[in-house]
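Read through the structure below, which is laid out as structure tokens, and then see the notes.
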Amino acid sequence: DVVETQEHYKSRWRSIWIMYLTMFLSSVGFSIVIMSVWPYLQKIDPTADASFLGWIIASYSIGQMVASPLFGLWSNYRPRREPLVVSTTISVAANCLYAYVHLPHSHNKYYMLTARALVGFGAGNVAVVRSYIAGATSLTERTSAMANTSACQAVGFILGPVFQTCFTLIGEEGITWKLIHLQLNMYTAPVLFGALLGVINIVLIFAIFREHRVDDMGRQCKSINSEGEESGGLDQDAEGNVDHVAVVAINFLFFVILFVFAVFETIATPLTMDMYSWTRKEAVFYNGIILSVVGIESVIVFMVVKMLSKKTGERAILHGGLLIVLVGFFILLPWGKKLPNIQWQEIKNNSIPRTTSTEMLMPFWSLEALQLPSNHTVEPVGCPITQSWCLNTPMIYLAQYISSDILIGLGYPVCNVMSYTLYSKILGPKPQGVYMGWLTASGSGARILGPVFVSQIYTHLGPRWAFSLICGVVVVSLLLLEIVYNRLIAFSVRYGRMQE
């Protein structure tokens, strides 16, 4: 029987819920500006191109990858409240810095890069969150708790753009608080809102969070954070080796899942601006609405997938989720004959002579744009001719784009939750801190490489190459899942201590 007082149980789960909130807010800190980074970057620093956008998106994950082991090590020797508060304070300060990147007279893009890297550094507290939840849950509670953590993280990634959409109503100009040189507009309001959420999180950590530790049976233990003493209190069920082939396979699959979703979020704004001649404001607003619907869809998926997994098992659902993601990116491939509108301002460059070849582009120009005087103030729209693929790659129709959003929004949360659930079961009763650190590193690496990959490939080769390569990566992950399918079983099942 589990020996735990009702008061201790309630306090323990209140603390775990604070950790869920911290995980959610760290994800929101990443995604709340995803839809507006590109137009804001173009506004504050015209020298920045789509390639630099990839580095700005990736800087968050670079910061997180560097910080995660540092905060994790800190939490091994000191109360976890310390690294949690310090990391969240760094995120709050970095969000405030982001709101002021328009002030310098030059190198604004590097200030934005620094701000996003520091926000990511603050989000390194996910290692502290996962280690706490692993130590504060019994063996029977752990899988569910890890799945909930994954769900909070995924919902944060998806719902961040929803908040961004709400702030587009402020507009690009917004209002200015001259006393502190603060511009409150559709680009800065989201990060200031993120800073406010961070302050609330700090208050809750001080007010509600308490150190708790239970053994595998759920009995209260003295909370000690040193790694050497964490290994104590395990029973004989801990005997046996973890299946490292299964562990590596799940790490790879998790990398692919985070990789394709990072690509999905990064490419949305540049793709729609190029394909549909949307302005910066339109791209942020419309993509925000689309991702808001995707967010609602994902919340429903989280509720359904827990019930469905009891009937079909996590492996089958993970397989189905990857197939849905594959179809989602396959639909994004350009198939038609109609070319996107060319950004007329670039074509007026004198280095491009008006020959027969340029006259062939005339049907794709906006006649209204051609009639504008050279000193116009209208924002140029369309696919810039500096991206040579714009001249020969068919456009991706809006129906394709929306269908892809719906499918990826369905497949991603399924894969994310099932990966964590399977991983937690494979590891079994042994301390999971080190292994969860590997999984965090896999996710951070994916979010670093995904935006850089897609911005480079998309800018130079276009959407056909970019999305074809993504489809190839997902196919490889499906083949790997087939190969290791029978090894992705719970630790206790593997050693015959319980039936699957």
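Quick notes on this one:
- ASP45 sits with roughly 10 Å² accessible to a 1.4 Å probe, with DNA, RNA and ligands left out of the calculation.
- Take the Kirkwood radius over Cα pairs of the stretch 1-222, plug it into Stokes-Einstein at 4 °C and 1.567 mPa s, and you get 71 µm²/s for translational diffusion.
- Local electrostatic count at GLU172 - Lys and Arg +1, Asp and Glu -1, tallied over other residues with Cβ under 9 Å: +2
- Summing charges over all other residues whose Cβ lies under 9 Å from the Cβ of PHE209, with Lys and Arg as +1 and Asp and Glu as -1, gives +3.
- Accessible surface for VAL263 stands near 0 Å², nearest 10, in the context of the full protein assembly shown (1.4 Å probe).
- Ranking GLY174, ALA195, PHE163 by Cα position along the charge dipole of the stretch 1-222, where only Lys, Arg, Asp and Glu carry charges on their C-beta atoms, puts ALA195 farthest toward the positive end.
- Annotation for the stretch 116-176: GluC sites (Glu not before Pro) lying in DSSP loop with at most 13 further Cβ atoms inside 10 Å of their Cβ are GLU173.
- Using C-alpha pairs under 8 Å with a sequence gap of at least 6, the mean separation divided by the residue count of the stretch 1-222 gives a relative contact order of 36 percent.
- Dipole magnitude of the stretch 1-222 about its Cα centre (Cβ charges: Lys, Arg +1; Asp, Glu -1), debye to nearest 20: 380 debye
The values are calculated or read from the model by the stated rules, or taken from the named source; none is laboratory data. Small disclaimer: the values here were computed from a predicted structure and weren't measured. Using ideal geometry, Cβ is built from the backbone for each residue, glycine included, and neighbour counts are taken over all protein chains shown. All accessible areas refer to the heavy atoms of the entire protein, side chains included, with ligands and DNA or RNA removed. Shrake-Rupley method; radii C 1.70, N 1.55, O 1.52, S 1.80 Å.
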